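Accompanying notes for the structure given below.
The values are calculated or read from the model by the stated rules, or taken from the named source; none is laboratory data. Just so it is clear, the structure is predicted and the values come from calculations on it, not from any experiment. Ideal geometry is used to build each Cβ from the backbone, glycine not excepted, and the neighbour counts take in all protein chains shown. Accessible surface is based on the protein model in full, side chains and every heavy atom, while ligands, DNA and RNA are left aside. Shrake-Rupley method; radii C 1.70, N 1.55, O 1.52, S 1.80 Å.
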Amino acid sequence: MQYALLIYTKPGTYDAAQPGRARRAEPEYYALRDEPGMLGGAALQPVTTATTVRLADGKPLVTDGPFADTKEVFGGYYLYEADDLDQATEMAARIPAVRLGGSIEIRPVMGKSS
């Protein structure tokens, strides 16, 4: 089964208030990409670069960023192949964002027949 390990961090986790924090965690993120079962993944640009599209009166309404009062932001993901949810949970717990106060959402990926 393939699982998306969706990485959420608190805004400011890696900003200037925490000098070196991002640099120290970066090698851990890269090392996870080499683990058996890891199929891919990517980090996202900061939430300040986001654009959101909604429909208003049947027309696209484009705004900068997500909702202003976001407690956690979607920062990246891994695609992981595991035997079961327990194995995916063990891998998710190794992602540095968890240790740094964030969270990992684990979601099964729909197969071709789903």
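For the reader, a short list of remarks on this structure follows.
- The order of TYR8, TYR30 by accessible area, most exposed first and with a 1.4 Å probe, is TYR30, TYR8.
- Scalar couplings 3J(HN,Hα) for the stretch 41-49, obtained by applying the Karplus form with A = 6.51, B = -1.76, C = 1.60 to θ = phi - 60°, are x, 6, 8, 9, 4, x, 4, 5, 8 Hz; x denotes Gly and Pro.
- Put a dot 7 Å past the Cα of ILE106, heading toward its Cβ, do the same for LEU44, and the two dots end up 2.1 nm apart.
- Accessible-area value, ASP83, 1.4 Å probe, nucleic acids and ligands omitted, Å²: 140
- Of the whole protein surface, MET38 contributes about 20 Å² of accessible area at a 1.4 Å probe radius.
- Given R0 = 41 Å, the distance between the Cβ atoms of GLU35 and ASP64 translates into a calculated FRET efficiency of 0.70.
- A simple spin-label model places the labels of THR51 and ARG94 3.7 nm from each other, with each point 7 Å out along Cα-to-Cβ.
- Solvent-accessible surface of the stretch 31-114, taken per residue with a 1.4 Å probe and all protein chains present: 72 Å².
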